[in-house]
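Got a structure here, written out as structure tokens. Questions coming.
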Amino acid sequence: TSFLIFFTLTVFAQKKVLDHKDFEIWNAIKNQSISPDGNFIMYSLEKGEKNSHLKIRNEKATVVFEHERSEKGQFTYSSEFALITIKHWKDSIKELKRKKVKKDKLPKDSIGIYNLSTKSFDKIGNIKSYKIPEKWSGYVGYLLEAIPVVKKEKDTTKTESKKKTKAKKVGKDNGNHLVVRNLISKKQDTFKYVTNYIFARDAKILAFTTTGKDSIIEPGVYVLNLENNNLRQVFEAKKAKYFQLNLSETGENLGFVVDTDTTKVQVRPNELYLWSEEKGKAIKLVDAVSAPKGFRV
């Protein structure tokens, strides 16, 4: 008995205690997902503070695709495509931050679109965020980051100074440009200055809010039928902020909260609106100063 106790204590004494250096080489599996048809798995390997490495394996555990600096992978509902977020090298970002490069001038993320059937891969840069439908496939929507403007040298030969109208800037207040891309044909449409957008769960319907672009597209709320490419404005307001944009599962109803007051009053005069396929235009239901959080259509 004493021999066994001595042997056990010796074994435990020989076990190495993990320290910080060990965690730097320790591979952790993150963001794992299974394709809806069950034929593929996707996950990211994270090693300490190093860059994530994403892999896709088939039902035989064979790696069919991998990409460095990638994370947050999603399969489309049809299991035809996998979409991933591609980051820049962490070391290079750290170096730029050390040099006090402004946030808006740091390298932006990209998305990668991998076709699981043809094994083709497309990479799209300068991405702020993206969404795909929950219960149907064929489209992706993504917001583009603002592209820093390179300042031109002043022309000193000009004697007359003309006032230039300020160009509308992409950003938090005005919105970002939304690209709606057909994954199969790769055709895409761009909608300017979008502040929020959402796909219907079951139907090929997209709703979005925009601050508008001149006479091309008026500020307001729009519903796009992706089956026939029919775009309609269901609510219009020159200046407004929108909250809790919600589409019904069938895409036949849309609810949202609107704040059209341009003053800085503390208690916001929010209003709740509902649009339906039958009525065409959104109608006000109630004043929503205390709009119910998480309200659903």
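Once fully extended, how much extra length lies between S78 and T263, figured as 0.36 nm per residue of separation less the alpha-carbon to alpha-carbon distance?
Roughly 61.9 nm would be gained on extension.
Work out how much length D122 to E66 would gain on full extension: take 0.36 nm times their residue separation and subtract the Cα-Cα distance, in nm to one decimal.
Value of the extension gain: 18.8 nm.
Quick check on segment 43-144: what does the Kirkwood estimate of hydrodynamic radius come out to from the alpha carbon pairs, in Å?
Final number for the Kirkwood radius of segment 43-144 is 14.8 Å.
Where in segment 238-280 does the label zone of D202 land, with the point 7 angstrom along Cα→C-beta and an amide N cut-off under 13 Å?
The answer is 248-253, whose backbone nitrogens lie closer than 13 Å to the label point.
In nm, to one decimal, how far is the I34 label point from the K105 one, both placed 7 Å along Cα→Cβ?
Rounded to a tenth, the inter-label distance reads 4.9 nm.
Using a simple spin-label model with points 7 Å from Cα along the Cα→Cβ vector, what separation in nm is obtained for Q188 and D173?
If labels sit at Q188 and D173, their model points lie 2.8 nm apart.
Stick to Cα atoms and the Kirkwood definition of Rh, then tell me Rg/Rh for segment 190-287.
Rounded to two decimals, Rg over Rh is 0.96.
Count the net charge of all other residues whose Cβ sits under 12 Å from the Cβ of S79, scoring Lys and Arg as +1 and Asp and Glu as -1.
-3
Using the beta-carbon distance between R232 and I147 and R0 = 35 Å, what value does 1/(1 + (r/R0)^6) give for FRET efficiency, to the nearest 0.05?
0.70
Give me the Å³ per residue figure for the convex hull around the C-alpha atoms of segment 167-213.
84 Å³
Computed from the coordinates by the stated procedures, all read-outs in this text should not be read as laboratory data. These figures come from a predicted structure and were not determined experimentally. In this analysis, Cβ positions are derived from the backbone assuming ideal geometry, glycine residues included, and neighbour counts consider all displayed protein chains.
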